[in-house]
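These notes concern the structure reproduced below.
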Amino acid sequence: MTTASNTERAQKVDMKLEVVVIPVSDVDRAKRFYGGLGWRLDADFAVGDTFRVVQFTPPGSPSSIHFGMGVTSAAPGSANGMYLVVSDIEAARAELIGRGADVSEIFHRAGPGQPPVSGRDPERKSYFSYATFSDPEGNSWLLQEVTTRFPGRVDADTTTFASVADLASALRRAEAAHGEYEKQLGHRDEDWPTWYAEYMVREQAGKPLSS
């Protein structure tokens, strides 16, 4: 018998995106490319002569990619517009170029659905700055700079950072905002750790920020 309690428990089961499958024709070439980007090699195993799966995970990502032989029937190179969220798009672009990727110039959009404009968003608005690159097969990736999530996109009771770099970036933004706050106070804020913590949690949850 289904009860309201059972339904409520079922709705709270986490469903985390674990793997995205991308189609390639040359498994070893793809392995060299993604390994060269500095992505973590998690697995490379074969069963006979008709099946092989390789798994890589981008730095700080909770999700991974699979490619190989006998993994998908999709045409090689047909995976398009896969998003890689970064906290600093200029630093991410420079690192990828340094690792051999052919990354586009950075561009931004004045608003949703608007045509691309050259350069980073002048106001550094979250979600608005991009760059693109492709793997040797033609599978395309979109870098998107996200520093503050839209309201409702993050559990307000849970704050996580995908990497040391993301945490450091959040701390720098909190430091800058706290400097302005202390100017308003007119004296040193002795409880600055609490202010930092509240600011970083509210920023990630997309809530109004203290200032």
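The values are calculated or read from the model by the stated rules, or taken from the named source; none is laboratory data. Predicted model, so just to flag it, every value in this text is computed and none were measured. When we count neighbours, we look across all protein chains shown, and the Cβ atoms used for this are built from the backbone with ideal geometry, even at glycine.
Among the residues of region 45-58, are any at positive phi and either among the hydroxyl-bearing types (Ser, Thr, Tyr) or touching a residue at least 12 places away in the same chain (Cβ under 8 Å) (or both)?
no
Quick check on GLN114: is it of a type in the set (S, T, N, Q) and loosely packed, with under 13 Cβ neighbours inside 10 Å?
yes
Conditions tested, residue by residue: (1) at pLDDT below 95; (2) more than 28 Å from MET200 (Cβ to Cβ); (3) of a type outside the set (D, E, K, R).
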residue	(1), (2), (3)
ASP121	yes, no, no
TYR130	no, no, yes
ASN139	no, yes, yes
PHE150	yes, no, yes
ASP157	yes, no, no
VAL164	yes, no, yes
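Answer yes or no as to whether SER61 is surrounded by fewer than 17 Cβ atoms within 10 Å (Cβ to Cβ) and in contact (Cβ under 8 Å) with a residue 60 or more places away in the chain.
The answer is yes for SER61.
Looking only at residues that are part of a helix (DSSP H, G or I) and acidic (Asp, Glu) in region 170-194, which one is farthest from PRO62 (Cα to Cα)?
The residue in question is GLU182.
Just one of (1) within 23 Å of VAL24 (Cβ to Cβ); (2) free of Cβ contacts under 8 Å to residues at least 40 places away in the same chain; (3) surrounded by fewer than 16 Cβ atoms within 10 Å (Cβ to Cβ) trips up GLY138, so point out which.
Going through the list (1) within 23 Å of VAL24 (Cβ to Cβ); (2) free of Cβ contacts under 8 Å to residues at least 40 places away in the same chain; (3) surrounded by fewer than 16 Cβ atoms within 10 Å (Cβ to Cβ), GLY138 breaks only (2).
Among the residues of region 81-95 satisfying the criterion of being at pLDDT 95 or above and among the acidic types (Asp, Glu), which is surrounded by the most Cβ atoms within 10 Å (Cβ to Cβ)?
That would be GLU95.
Show me the strands (runs of 3 or more DSSP E) entirely contained within region 57-169 in which 3 or more residues are in contact with a helix residue (DSSP H, G or I) (Cβ under 7 Å, 6 or more places away or on another chain) and in the same structural domain as VAL47 (by TED's automatic domain parsing).
Strands (runs of 3 or more DSSP E) meeting the threshold: 64-69, 129-134.
Return the residue satisfying two criteria in turn: it lies in region 64-80 and is over 12 Å from the mean Cα position of the chain (by Cα) and among the small types (Gly, Ala, Ser), and of such residues it is surrounded by the fewest Cβ atoms within 10 Å (Cβ to Cβ).
Restricting to residues being over 12 Å from the mean Cα position of the chain (by Cα) and among the small types (Gly, Ala, Ser), the top hit is SER73.
Kindly indicate whether any position in region 32-39 is more than 21 Å from the chain's Cα centre (by Cα) and either part of a strand (DSSP E or B) or modelled with pLDDT of 90 or more (or both).
Scanning region 32-39, I find at least one residue that is more than 21 Å from the chain's Cα centre (by Cα) and either part of a strand (DSSP E or B) or modelled with pLDDT of 90 or more (or both), so the answer is yes.
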